[in-house]
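Read the structure below first, then the notes.
The values are calculated or read from the model by the stated rules, or taken from the named source; none is laboratory data. For clarity, every value in this text was computed on a predicted model and none was experimentally measured. When we count neighbours, we look across all protein chains shown, and the Cβ atoms used for this are built from the backbone with ideal geometry, even at glycine.
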Amino acid sequence: MPPLSAQQPRRPARGVPAAPAPPAPPAFASTLDRDATRWVDTTLKAFTDDQLVGQILMGRFDSTYISADSEAFQAIAALVRDVHIGGFVAFGGVEPVPSVLLNPTYGPTILGQPLELAAILNRLQAAAATPLLIGADYEHGVGMRINGGTRFPRAMAFGAAGDPALVREAARLTGREARALGVHVNFAPVADVNNNPRNPVINIRSFGEDPARVGALASEAVRGLQEGGVVATLKHFPGHGDTAVDTHLGLATVPHDRARLDRVELAPFRQGIGAGAAAVMVAHVEMPALDPTPGPATFSRPIVTGLLRGDLGFRGLVVTDSMLMDAISAMTGPGEAAVKAVQAGADVVLDPEDVRDAATALKAALASGTLPRARLVESARRVLEYKARLGLHRTRTVDLDDVMSHVGTKAAADLARTTAERAVTLLRDEPSAVPLTTPRNGRVLYLSVLDYPSNWRIAAPSRTVIPELRKRWPTVTAVELSDRTSAQELDLVRALAATHDAIVAGVFVRASSGSGRLDLGPGVVRLLQDLSAAAGRRSQPFASAFFGSPYAAVAATALPSVLVTYDFGDYAEAAAVRALAGEIPIQGRLPVALGEGLGVGFGLSRPATASTAAR
């Protein structure tokens, strides 16, 4: 790929006039000018108590089409009109699925649509007395929530690629895409140090397990996002990497002493704050060494105000994690939760289970003196200041004609592809089988090995691996396996293996929010072990590529050749096939330790041995 600065725009198709280059999305200013300061002061002074409370609440909506007179739109418009809500977090979309026993494989999550999102936001902004602050969770790009947006590799893939410039540019492009849609705050980057292999929710969302390296890459993401015009949000403070509990399902505890927390968990946040991060998201985790009072950091004044504001000197926007998560909602109602979070020092209460209940409770606490007025005014002012730094006091809507010029560009796709290819890491190759030397007319058995078959709706596993393999080896037999595969079906695969010239396994293990799972089924594990032993006796090449959690490869000691990609999706799958075919060099390095002999920085190297044209 040519240097990013050297990339030229593509020529328009014949007969299609070239559109003028759109202006860059608005910048995120480092300071307030005189006009912006005057706007903040005047707006805050004119606020009623209802408006003051509303400013610190962020509700939610989905980025799929809704008409202006639909119940869905009227519900969110009412929050603007009645609650004076300060902003929203934009998600992708969901569709109803049947709640059934025995075969619950349907996934409700779908992607949102870019023009629909921008149009909804424009209409809401036009209805709001005060500009709305719009956030979204675009950790690995706009494409993780929005169809057509760029979906970059997960953070751990960037850690394996090892190039800070890739992180910064991917973040900058994500910021530009977000602003083109009307989104101002990205709830990223993840600054958690993933040093617990059994962490079911952070995992590949982290840059790795070395605190200094995580901090350095998170800092580059902060710089890139804010150069792209959005607020960067370090999360999940004060550190969610060393937990084995998913806070979507329950309250996690980090039991370490303060010295260890300073050395590991807090170190990346210090670096990110030093890099100018404008926001920090507080996690629903319990840290007794920082606050002996039972409960999440979300409700802890010693952690939010004492540690984050005081010890770390953070002066930006403090945002809660989603208040819908079970770690909070199972403990208390939305009203009490909102009050506790603001008392602790939060500026924005994100995604409460019931926005109106949260607003009512905050007003009651303000009236009773339980919530000091100065505490609420401080947060409302900070929210207004960030709206002004984003230029929303001047321009709050976006031009729908610019969406196609900024979202899902070729330059962003090239960067995502390059990162995925540079991240591929070879852990083991005994005997040397990578790249595969199987001739083009050889028969290849491809096994798509899943942790479990449900909730794969957005990125169906192997949808890219299989066609890419067939481009290189036309005779490919593809079989999907999971924890639901019967013993008879597993035996059929054992028999099939002997009739092929090579075996390739794509292994998909998710660290998925809310799933509580992180393993392959035991029957599938035994099959892989049996196929590996038989392949060794036959001198049959057997290569495996792990997609998602790299820790799953630890249990695959029987597999002779193992690649890890740290990601799911089209770019990771295509990169794995290109590595197996010898079309790209293999140069990734582990950002996490996977056991004896597989420490941080380990990775076998292989040069490219073939060209795409040769295949």
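Residue under question is GLY148, and the condition is that it be in the same structural domain as LEU217 (by TED's automatic domain parsing), surrounded by fewer than 24 Cβ atoms within 10 Å (Cβ to Cβ), closer than 23 Å to LEU563 by Cβ and not polar (S, T, N, Q); does it hold? Give the steps one after another, and end with the answer.
On the way: in the same structural domain as LEU217 (by TED's automatic domain parsing): yes; surrounded by fewer than 24 Cβ atoms within 10 Å (Cβ to Cβ): yes; closer than 23 Å to LEU563 by Cβ: no; not polar (S, T, N, Q): yes.
Considered against the rule, which asks whether it is in the same structural domain as LEU217 (by TED's automatic domain parsing), surrounded by fewer than 24 Cβ atoms within 10 Å (Cβ to Cβ), closer than 23 Å to LEU563 by Cβ and not polar (S, T, N, Q), GLY148 comes out as no.
Can you confirm whether ALA72 is at pLDDT 95 or above, within 25 Å of ASP402 (Cα to Cα) and assigned by TED's automatic domain parsing to the domain that holds THR395?
Numbers: at pLDDT 95 or above: yes; within 25 Å of ASP402 (Cα to Cα): no; assigned by TED's automatic domain parsing to the domain that holds THR395: yes.
The answer is no for ALA72.
Cβ-Cβ distances below 7 Å connect the following pairs, each with a first residue in the stretch 249-273 that is closer than 20 Å to GLY215 by Cα and hydrophobic (A, V, I, L, M, F, W, C), a second residue that is modelled with pLDDT under 95 and assigned to a strand (DSSP E or B), and a separation of six or more residues or different chains: VAL254/VAL285.
I'd like to check something: does the stretch 236-257 contain any residue that is of a type in the set (Ser, Thr, Tyr) and touching a Leu at 6+ places or on another chain (Cβ under 9 Å)? Scanning the stretch 236-257, I find no residue that is of a type in the set (Ser, Thr, Tyr) and touching a Leu at 6+ places or on another chain (Cβ under 9 Å), so the answer is no. Here LEU427, LEU445, LEU469, LEU415 are screened, and the one residue that is assigned to a strand (DSSP E or B) and within 30 Å of the chain's Cα centre (by Cα) is LEU427.
Taking the conditions exactly as written (assigned by TED's automatic domain parsing to the domain that holds ARG389, over 29 Å from ALA119 (Cβ atoms) and in contact with a helix residue (DSSP H, G or I) (Cβ under 8 Å, 6 or more places away or on another chain)), does ALA171 satisfy them or not? No; evaluated as a whole, the condition is false for this residue. Could you check the stretch 41-66 and list, in sequence order, the residues that are among the small types (Gly, Ala, Ser), farther than 14 Å from GLY86 by Cβ and not in a loop (DSSP other than H, G, I, E, B)? Hit for the stretch 41-66 is ALA46, nothing else.
Taking each residue of the stretch 494-508 that is among the basic types (Lys, Arg) and looking for partners that are part of a strand (DSSP E or B) with beta-carbon atoms closer than 8 Å, six or more apart or interchain, yields nothing. Among the residues making up the stretch 82-99, those that are in a loop (DSSP other than H, G, I, E, B), of a type in the set (Val, Ile, Thr) and modelled with pLDDT of 95 or more are VAL83, ILE85.
Inspection of the stretch 216-235 finds a residue satisfying the criterion of being buried (at least 24 other Cβ atoms within 10 Å of the Cβ), at pLDDT 95 or above and of a type in the set (Ser, Thr, Tyr). Select from the stretch 584-615 the residues that are farther than 22 Å from GLY215 by Cα, touching a residue at least 60 places away in the same chain (Cβ under 8 Å) and among the charged types (D, E, K, R) and list them in ascending order. Hits for the stretch 584-615 are ARG606, ARG615.
Residue-wise test of (1) out of contact with any helix residue (DSSP H, G or I) (no Cβ under 7 Å at 6 or more places or on another chain); (2) among the hydroxyl-bearing types (Ser, Thr, Tyr); (3) surrounded by fewer than 18 Cβ atoms within 10 Å (Cβ to Cβ).
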{"site": "VAL383", "(1), (2), (3)": "yes, no, no"}
{"site": "LEU392", "(1), (2), (3)": "yes, no, no"}
{"site": "ALA423", "(1), (2), (3)": "no, no, no"}
{"site": "ARG443", "(1), (2), (3)": "yes, no, yes"}
{"site": "VAL449", "(1), (2), (3)": "no, no, no"}
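Selection of the stretch 152-171 for residues being assigned to a loop (DSSP other than H, G, I, E, B) and either more than 19 Å from VAL201 (Cα to Cα) or of a type in the set (S, T, N, Q) (or both) yields GLY162, ASP163. The set of residues in the stretch 172-192 being more than 12 Å from the chain's Cα centre (by Cα), of a type outside the set (Val, Ile, Thr) and outside any loop (DSSP other than H, G, I, E, B) consists of ARG172, LEU173, GLY175, ARG176, GLU177, ALA178, ARG179, ALA180, LEU181. Checking each residue in the stretch 57-75 for being of a type outside the set (Gly, Ala, Ser) and more than 23 Å from ALA380 (Cα to Cα) picks out ASP62, THR64, TYR65, ILE66, ASP69, GLU71, PHE73, GLN74.
Within the stretch 320-346, being in contact with a His (Cβ under 9 Å, 6 or more places away or on another chain) and hydroxyl-bearing (Ser, Thr, Tyr) holds for THR320, SER322.
Among the residues of the stretch 469-491, those that are crowded, with 20+ Cβ neighbours inside 10 Å, in contact with a helix residue (DSSP H, G or I) (Cβ under 8 Å, 6 or more places away or on another chain) and under 22 Å from GLU583 (Cβ atoms) comprise LEU469, ARG472, VAL476.
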